[in-house]
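Participant: Got a structure for you, written out below as structure tokens; questions coming shortly.
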Amino acid sequence: MREEQAGGLRIRVTGGTDGKGGGRGPLVVLLHGFGAPGDDLVSLADVLNVPAGTRFVFPEGPLSLSFGPGNARAWWIIDMARIAADRAAGRPRDLSQDIPKGLALAREAMLVFLKEVERLFSAEPRKTVIGGFSQGAMLSCDVMLRTAQPYAGLIQLSGTLLAKQEWVPLLAKRKTVPVFQSHGMQDEILPYAGAEGLRDQLVHAGLSVEWHSFRGGHEIPRAVLQRLGLFITKSVTQV
């Protein structure tokens, strides 16, 4: 693995022909969740069964948090007081109508970042899969809807429907992008119903969604990783 800067963000790069992103293989870009350290998802590259030479890029969120594990990062700030109030009142967390204040800035930064990654790694969009976990999943979905790049696939690990009034009108234009989506039925951070809502909107707009639910919480179980490896392989080799 190597670390460097790209598009204004710190990144970890692994895979490829040399374990440091070398070669011209397919590219997978994965965004971590809120409060996770920047290297939170790097270990996934070692367990995903993908084509030889596949390169992985893990960008680090630009915002540093004062709580959580060391080097806790975020793509935008979450209203923690609201989460606490909802829990105290027994209200399920529903973000479908939310447009976070920092979402637009995060989106613009990620669009710049992806252009830079394409240049630095000579990456073909048709052999590039983008996605993430939790908040990283939400941002990758938002970005996918704002670009016309023909990405090979979108990965949504424990994500949810966000900014419905903005996302829904854009979905039909991206129906050629296959989607991998997984969610735990006991997820207390982002309720299962929100993921189902996202899935239903994607399917209704004509996107092909590979849906995987599991008995568990806000996590990525091994069974999901096995399926994800197959999804990535199919997505980057069908061109």
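Since every read-out is calculated from the coordinates, none of them should be taken as a lab result. Bear in mind the structure is a predicted one, so any value in this text is a computation, not a measurement. Cβ placement follows ideal geometry from the backbone for every residue including glycine, while neighbour counts extend to all protein chains displayed.
Participant: What share of all Cα pairs of segment 119-206, in percent, falls into each consecutive 10 Å distance bin?
Facilitator: 18, 53, 24, 6, 0
Participant: What three numbers, in Å, describe the spread of the alpha carbons of segment 2-237 along their principal axes, ordered from the longest?
Facilitator: Taking the Cα atoms of segment 2-237, the three principal extents are 53, 41, 32 Å.
Participant: Assuming R0 = 22 Å, what is the FRET efficiency of residue 79 and residue 166, from their Cβ-Cβ distance, to the nearest 0.05?
Facilitator: About 0.70, to the nearest 0.05.
Participant: Would you mind working out the magnitude of the charge dipole of segment 7-84 relative to its Cα centre, with +1 at each Lys and Arg C-beta and -1 at each Asp and Glu C-beta, to the nearest 20 Debye?
Facilitator: In total the dipole reaches around 180 debye.
Participant: Now for a separate question. Charges only on Cβ, +1 for Lys and Arg, -1 for Asp and Glu: so what's the dipole of the chain about the Cα centre, in debye to the nearest 20?
Facilitator: 480 debye
Participant: Place the peptides 92-100, 28-36, 112-120, 128-136 in order of packing, highest mean first, counting for every residue the other Cβ atoms within 10 Å and averaging per peptide.
Facilitator: Ranked by mean Cβ neighbours within 10 Å, highest first: 128-136, 28-36, 112-120, 92-100.
Participant: Normalise the Cα radius of gyration of segment 64-168 by 2.2 N^0.38 Å (N = residues in it) and let me know the number.
Facilitator: The reported ratio for this selection is 1.19.
Participant: Also, quick follow-up: When the convex hull of the Cα atoms of segment 21-63 is projected onto a plane and the area is averaged over all directions, what value comes out in nm²?
Facilitator: Dividing the Cα hull surface by four gives the mean projection, 3.2 nm².
Participant: While we're here: Please give me the summed charge of the neighbours of residue 37: other residues whose Cβ is under 9 Å from its Cβ, Lys and Arg +1, Asp and Glu -1.
Facilitator: -2
Participant: Let me ask something additional. Viscosity 1.002 mPa s, temperature 20 °C: give me the Stokes-Einstein translational D for segment 162-228 in µm²/s, with Rh taken as the Kirkwood radius over C-alpha pairs.
Facilitator: 170 µm²/s
Participant: Further, regarding this structure: With an 8 Å cut-off on Cα pairs and a minimum separation of 6 or more residues, tell me the relative contact order of the chain in percent.
Facilitator: 19 percent
Participant: Note the angle between two axes, namely the Cα long axis of helix 80-89 and the longest principal axis of the Cα atoms of the chain, as a number of degrees from 0 to 90, rounded to the nearest 10.
Facilitator: Approximately 50 degrees, to the nearest 10.
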